[in-house]
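**Student:** Submitted below is the structure of interest, expressed as structure tokens.
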Amino acid sequence: MNYKEVIEAKYSREAWQGLLYDIFHNKVKFWRTPTPIHVSSRLAKEALSLGNISLSDGETIAVYEVELNEKVDIERNRHGIRDILTTDWRNMGYAGAFVFGYRKNESVLRFSYVSETWGFNKQGEYEKVSTDTMRYTYLLGEGRGCRTAIDQFSTLKNSKQTLADITEAFSVEALTKQFYGELFDWYLWAIDPVTGVSFPNNTSIEDDDREDIETKIIRMITRIMFIWFIKQKNLVPNRLFDPEYIHTILKDFDEESTTNGNYYNAILQNLFFATLNRAIEDEEGNKRKFATASKRDIKTLYRYEELFTISEQQVIDMFAEVPFLNGGLFECLDKTKTIDGVEQAYNYDGFSRNDRTFADGRYRYRAIVPNTLFFDEKRGLFSILNKYNFTIEENTPEEQQVALDPELLGKVFENLLGAYNPETKETARNQSGSFYTPREIVKYMVDESLIAYLGESDFNRSLFAPNFKYEVAHVEEYKSIAEKLKAVKVLDPACGSGAFPMGLLNRMAEVLQRIELNTNVYEQKLAIIENCLYGSDIQSIAAQITKLRFFISLIVDCERDASKPNFGIPTLPNLETKFVAANSLIAKKKQDRQRNLFENPEIEPTKEELAKVRHEHFMAKSASAKRRLREKDQELREKLAKLLADDNNFAPEDAIQLAAWNPYDQNAVSKFFDPEWMFGVTDGFDIVIGNPPYLRIQELRKFNNDLADYLSDNYKSAVGSFDLYVTFVERGLQLVKPKGVMYYIMPVKWTNSSFGKGLRSILCEKSFISSIINFEAYQVFEASTYTGIHCFKQSKSLAYLELDRDMKNNQELQNYLSSITYNDFVNININTSEAWVLTNKKVNTVLEKLNKCPYRLSDVFDKIFQGIATSKDDVYFLYDCRVINPFEIEGYSKYLKKNVVIENGLVKPLLKGEDVHRYEPLSSDRFVIFPYDLSNDKAKLFSEQQIATLFPKGYLYLKECEDELRGREKGRLKNDILWYRYIYPKNLTLFAKEKLVAPEISYGGNFSYDLNGQYYSTTTIYGYIKKEDISISYETLLAIMNSRLCWWFLKNTGTVLANGYYRYKPAYLKPMPIPNVSIETDSAIRTMIKNLLVLKDEKEKKIVADKIEQEVFSLYGLNKDEISIVIL
């Protein structure tokens, strides 16, 4: 069947019934006479039940047809259409419904799938999670792309046709990934030098035209995508992207040209900079026009008249139906000497009339983007964009149109920039994405942070519920809450592409719309943006993408009206002082002002005047007004900085840097972040929220050693091999109000790792950690990062929750998060900077019992030590060794790539991780060169002469490797007479003692017993020597360490690696509780261990091992229920 003919046509009941029958065959039943259903006349003229579909999993869904009322906007109405038939299909026992929403004689059709919230449970069964309704919808009909619908419906036809398969057929996630895959391929093509794409940058230099080309391509993509979104509002005519039309207006236009970029210059640049960025007629009466010879530097005038076949006036008329958007959205980033006063011109966008070229024909001043990149039939950007449906409204977890929504701008930006390393200038071609926060996570964190700010109560929480109903009796409470909500100050210190600020804007506007009736949505959003929301990011383009999304969110509430000025589209605000490009981690510290108690009286009026200027700039429209206000802003900044320096508020050099910060330079990134200076926020933020970057200090030092040093010197949380996110938490504590709230999504590793000790200490001292939802192994991001939602606020205890089921996708995670109640958390008292033990309720019950034991592992073992660190294992380690006589061994040297003979006195038996297994006798065919004398229980390095005399063969081997050994650690031993020594000779006397040994990384306990102290080991193995006064035998300790109980303890308190492996590090094992052990029990376990170590038959070994396991459970007094929790 040809689905395209049905989907791209006006709604026809018969045609769609045929399409559904083609998909579901005999599973679909249509009534001979459709049954009328009573619905609200406010929304629909008529609603009919057409039939139902019986699915293979036993569920059934209804099929409805709804002729919508004339006043209902099919493209915008969400909740009304979603819930219009919910009562009917629920009462009939259906799991959901297909709904065809249409109007007679109109081309648009909204085809929806509505259901209650379903998801997979712990057993992998698809079940109802919540009665909250979800709606997934296609906007179809004449003139709309249908590729997505055809592909998804074809997949549904070939599936098992369960309820889960239907949900998947309406998946927005799958659509977004498919689009991003195609766009990423285009991006790789565009940045390839072969394409010839270039931007002038420094116009006096020939070789920098591809400098930072990745960022410029991303900026171009996002500008074009923004236009694609506003095309949905008919704000930009489709003909500007039609090659057939372009042929009629451009000279020598060849859409397949790989060298000519006249389309980008003549059409797109004029659209960006001279149309969308210039008023149709400004306050001074100036209309859109072409630049003249005397005005060639003004970047809001049309140019390239020589590229057109039509007249200048016809070009102006061609763009005349496009409104002015303002907001700096399409502000040209070129800097000129005459207008901007810079010493050297920089053409970042390359929008220039100057057609001078270099010797190879490249333009000196203009950007070059060949036409084929846009129009190639298969790979061109427009070919890709034309395949998909776009919607200007951002989807929510409850309401998802199967189309590309504005959130995609954020995903594209973060994924493309995540695939490019700006420090190494390399593109990670194998990457498919970075840490963009999914909307389901954003929604939860936004709701919870706003509820925490308003005050936790059932009433406040009801304002955010999907089933909220306005009640007149609560009108005064609504007013109070609305005022408080409008006063909130929120900061995202690592805003990226604006996921959290956008989530806050939409959610705050939605709640205010619920409790403030008949208010203007546009004005409401504008007030929220100006007064409540702030952001900072280290990348300047990130702030620009955030602004793009905010602009779309404002435009969505506007309708084109040709009879009104600017077609009825309000000019957008300027957001330069709302979202800044800055390093959020670097603060400008105020001086100690005790010596100067009286503030200069000019300071406060200057601050107020600066705030007034920025308020005026927020809505300034003309280029001249913006220029005047920006000049005044600079004058006031310089004046204020001098006043503050003279008043000892800031050091003079800091004051100079403060004054130099220019919020209106879109290319610049501030080296510091100061909310008072940048935003006028003096007393902190009510909410700090975000997804801070995850980057270990070792990686940071590779490209920004100065920042790494700054963090180490200025942050208490910067301990050991710390991760950047812990410093963002500490910085957040500086920025949030004392009674404010912070919500971060970030790794949970800091809670029990050594590098998290500094942060744990700070939080305990301030009692400022409230809750953690640990996602465990569920990958919220497309990276192997174990993350969780962290709430930081004043609290006496930590509420902790672990994900208790597998999630198939983020929608199921949303369902899970929405079902969480306070009773699901376990309250844990945190009062130490040592590793925190965080577990779920059941686990915590067992842990509390274990913690009643009188000892800890640290009380039992005197030494827990790591193996030998030689700094050159290929020299010191010998492999496949054999004893050739009582005095010598022969083994393979990986460094010399040959067998060598060494005297017994210079080598020790060596264990590596793979040699040590649970309850297995130790053995190894490896040896290590050991140039130390262990007489008198001390390790004394042999002199070179002693080695030459006592071990001549060993000495010859070391001499043969001398250059390599001297070169260790960048030549550290180059001039050292003891060149053959270990650089880190630790624990050398401990190996010869009775001990337990175990690999550092292991899946389950793999401890073994070195009774005679025979074996030495590598750094991948730890040795355990018990204290002399401990009566518990090594055999019983071996049983405990190898037990499933110990493994369970480590899994719930340690750090997981890939594939379920854990680190058996001392820090994680020392807290392991150890019970009292009677002499009789110790003797019984000891006997079983000795028997087990000599058994050969695997079945017999398992029987004995299981008996030992039960003895360990008995030692700890665990009952059957508790044992089942451990072995689950």
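**Student:** Within the range 549-573, take every residue that is more than 11 Å from ILE392 (Cβ to Cβ) and among the β-branched types (Val, Ile, Thr) and give me the one that is modelled with the highest pLDDT.
**Tutor:** Within the range 549-573, the match that is modelled with the highest pLDDT is ILE569.
**Student:** Now a separate question. Residue by residue through the range 710-735, note down the ones that are within 22 Å of the chain's Cα centre (by Cα) and either part of a strand (DSSP E or B) or more than 17 Å from SER584 (Cβ to Cβ) (or both).
**Tutor:** Those that are within 22 Å of the chain's Cα centre (by Cα) and either part of a strand (DSSP E or B) or more than 17 Å from SER584 (Cβ to Cβ) (or both): SER721, ASP723.
**Student:** Another one. Working only within the range 608-628, note down all residues that are farther than 26 Å from ILE538 by Cβ, at pLDDT below 85 and crowded, with 17+ Cβ neighbours inside 10 Å.
**Tutor:** ALA620, LYS621, SER622, ALA623
**Student:** Which residue is surrounded by the most Cβ atoms within 10 Å (Cβ to Cβ), if the candidates are limited to the range 897-922 and must be more than 45 Å from the chain's Cα centre (by Cα) and in a helix (DSSP H, G or I)?
**Tutor:** If we take residues in the range 897-922 being more than 45 Å from the chain's Cα centre (by Cα) and in a helix (DSSP H, G or I), then LEU906 is surrounded by the most Cβ atoms within 10 Å (Cβ to Cβ).
**Student:** Still on this structure: Out of the residues in the range 807-864 that are free of Cβ contacts under 8 Å to residues at least 12 places away in the same chain and assigned to a helix (DSSP H, G or I), which is nearest to the chain's Cα centre (by Cα)?
**Tutor:** Selected residue: ASN823.
**Student:** Here's a follow-up. Does at least one position in the range 509-531 carry a residue that is within 19 Å of the chain's Cα centre (by Cα) and either closer than 25 Å to ASN234 by Cβ or aromatic (Phe, Trp, Tyr) (or both)?
**Tutor:** no
**Student:** Filter the range 226-260 for residues that are over 16 Å from ILE310 (Cβ atoms) and either of a type in the set (Val, Ile, Thr) or in the same structural domain as GLY568 (by TED's automatic domain parsing) (or both) and give the result.
**Tutor:** ILE227, ILE230, VAL236, THR258, THR259
**Student:** I'm told LEU700 meets every condition in (1) assigned to a loop (DSSP other than H, G, I, E, B); (2) among the hydrophobic types (A, V, I, L, M, F, W, C); (3) surrounded by fewer than 22 Cβ atoms within 10 Å (Cβ to Cβ) except one. Can you identify the failing condition by its number?
**Tutor:** In the conditions (1) assigned to a loop (DSSP other than H, G, I, E, B); (2) among the hydrophobic types (A, V, I, L, M, F, W, C); (3) surrounded by fewer than 22 Cβ atoms within 10 Å (Cβ to Cβ), LEU700 misses (1) alone.
The rows are residues; the columns are (1) crowded, with 16+ Cβ neighbours inside 10 Å; (2) within 30 Å of ASN347 (Cα to Cα); (3) at pLDDT 85 or above; (4) not assigned by TED's automatic domain parsing to the domain that holds ASN326.
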position	(1), (2), (3), (4)
SER584	yes, yes, yes, yes
LYS589	no, no, no, yes
ARG630	yes, yes, yes, yes
ALA641	yes, no, no, yes
ALA645	yes, no, no, yes
PHE650	yes, no, no, yes
ASN662	no, yes, yes, yes
GLN666	yes, yes, no, yes
PHE672	yes, yes, yes, yes
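**Student:** Among the residues of the range 634-648, count how many are touching a residue at least 24 places away in the same chain (Cβ under 8 Å) and farther than 12 Å from TRP677 by Cα.
**Tutor:** 6
**Student:** Six or more apart or on different chains, Cβ atoms under 7 Å: show the pairs whose first residue is in the range 353-365 and touching a residue at least 12 places away in the same chain (Cβ under 8 Å) and whose second is of a type in the set (A, V, I, L, M) and in a strand (DSSP E or B).
**Tutor:** ARG362/ILE368
**Student:** Output the residue which, of all residues in the range 511-563 that are touching a residue at least 12 places away in the same chain (Cβ under 8 Å) and among the hydroxyl-bearing types (Ser, Thr, Tyr), is surrounded by the fewest Cβ atoms within 10 Å (Cβ to Cβ).
**Tutor:** Residue satisfying both the conditions and the ranking: TYR522.
**Student:** Does the range 124-136 contain at least one residue that is closer than 24 Å to VAL66 by Cβ, at pLDDT below 85 and polar (S, T, N, Q)?
**Tutor:** Yes.
**Student:** Shifting gears a bit: Which number in (1) closer than 30 Å to ASN326 by Cβ; (2) surrounded by fewer than 19 Cβ atoms within 10 Å (Cβ to Cβ); (3) among the aliphatic types (A, V, I, L, M); (4) modelled with pLDDT under 90 marks the one condition that LEU658 misses?
**Tutor:** Only one criterion in (1) closer than 30 Å to ASN326 by Cβ; (2) surrounded by fewer than 19 Cβ atoms within 10 Å (Cβ to Cβ); (3) among the aliphatic types (A, V, I, L, M); (4) modelled with pLDDT under 90 is unmet by LEU658, namely (2).
**Student:** Of everything in the range 1092-1128, what is without any contact (Cβ under 8 Å) to a residue 60 or more places away in the chain, assigned to a loop (DSSP other than H, G, I, E, B) and of a type outside the set (D, E, K, R)? Give them in sequence order.
**Tutor:** LEU1095, ASN1119, LEU1128
**Student:** Could you pull out the residue among LEU554, LEU504, LEU491 that is within 21 Å of ASP73 (Cα to Cα) and either in contact with a strand residue (DSSP E or B) (Cβ under 7 Å, 6 or more places away or on another chain) or polar (S, T, N, Q) (or both)?
**Tutor:** LEU554 is the lone residue from the list that is within 21 Å of ASP73 (Cα to Cα) and either in contact with a strand residue (DSSP E or B) (Cβ under 7 Å, 6 or more places away or on another chain) or polar (S, T, N, Q) (or both).
**Student:** Sticking with this one: Determine the pairs where a residue that is in contact (Cβ under 8 Å) with a residue 24 or more places away in the chain and in the same structural domain as CYS853 (by TED's automatic domain parsing), located within the range 1074-1087, has a partner that is exposed (fewer than 15 other Cβ atoms within 10 Å of the Cβ) and in a loop (DSSP other than H, G, I, E, B) with Cβ atoms under 7 Å apart, the partner being 6 or more residues away or on another chain.
**Tutor:** Matching pairs, first to second residue: ASN1076/PRO854.
**Student:** Continuing with the same structure: Could you tell me whether VAL901 is at pLDDT 95 or above, in contact with a Phe, Trp or Tyr (Cβ under 7 Å, 6 or more places away or on another chain) and β-branched (Val, Ile, Thr)?
**Tutor:** Criteria not met by VAL901.
**Student:** Right, next: Taking the range 757-800 only, how many residues are among the hydrophobic types (A, V, I, L, M, F, W, C), buried (at least 20 other Cβ atoms within 10 Å of the Cβ) and at pLDDT below 90?
**Tutor:** 2
**Student:** Given the criteria hydroxyl-bearing (Ser, Thr, Tyr), surrounded by fewer than 20 Cβ atoms within 10 Å (Cβ to Cβ) and in contact (Cβ under 8 Å) with a residue 24 or more places away in the chain, does SER754 qualify?
**Tutor:** yes
**Student:** List pairs: first residue in the range 964-983 and free of Cβ contacts under 8 Å to residues at least 12 places away in the same chain, second residue assigned to a helix (DSSP H, G or I) and among the charged types (D, E, K, R) anywhere in the structure, Cβ distance under 9 angstrom, at least six positions apart or on different chains.
**Tutor:** Partner pairs satisfying both residue conditions: ARG972/ARG966; LEU973/ARG966; LYS974/ARG966; ASN975/ARG966; ASP976/ARG966.
**Student:** Looking at ALA527, ALA494, ALA487, ALA542 in this structure, which one is among the small types (Gly, Ala, Ser) and farther than 30 Å from TYR725 by Cβ?
**Tutor:** Checking each option against the conditions leaves just ALA527.
To keep it simple, each residue is scored yes or no on (1) of a type in the set (Asp, Glu); (2) buried (at least 20 other Cβ atoms within 10 Å of the Cβ); (3) touching a residue at least 12 places away in the same chain (Cβ under 8 Å).
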| residue | (1), (2), (3) |
| --- | --- |
| ASN265 | no, yes, yes |
| GLN269 | no, yes, yes |
| ALA274 | no, yes, yes |
| ASN277 | no, yes, yes |
| LYS299 | no, yes, yes |
| THR309 | no, no, yes |
| GLN313 | no, no, no |
| MET318 | no, yes, yes |
| PRO323 | no, yes, yes |
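**Student:** Identify all residues within the range 442-482 that are of a type outside the set (A, V, I, L, M, F, W, C), in a helix (DSSP H, G or I) and under 24 Å from ASN810 (Cβ atoms); write none if there are none.
**Tutor:** Once the filter is applied, which keeps residues that are of a type outside the set (A, V, I, L, M, F, W, C), in a helix (DSSP H, G or I) and under 24 Å from ASN810 (Cβ atoms), the range 442-482 yields LYS443, TYR444, ASP447, GLU448, SER449, ARG461.
Residues checked against (1) at pLDDT below 90; (2) part of a loop (DSSP other than H, G, I, E, B):
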site	(1), (2)
SER40	yes, yes
GLY51	no, no
GLU75	yes, yes
ARG90	yes, no
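**Student:** Also, quick follow-up: Would you tally the residues in the range 195-215 being outside any helix (DSSP H, G or I) and touching a strand residue (DSSP E or B) at 6+ places or on another chain (Cβ under 9 Å)?
**Tutor:** 13
The values are calculated or read from the model by the stated rules, or taken from the named source; none is laboratory data. Note that this is a predicted model, so its numbers are computed, not measured. Cβ coordinates were reconstructed from backbone atoms using ideal geometry, including for glycine residues, and neighbour counts include every protein chain displayed.
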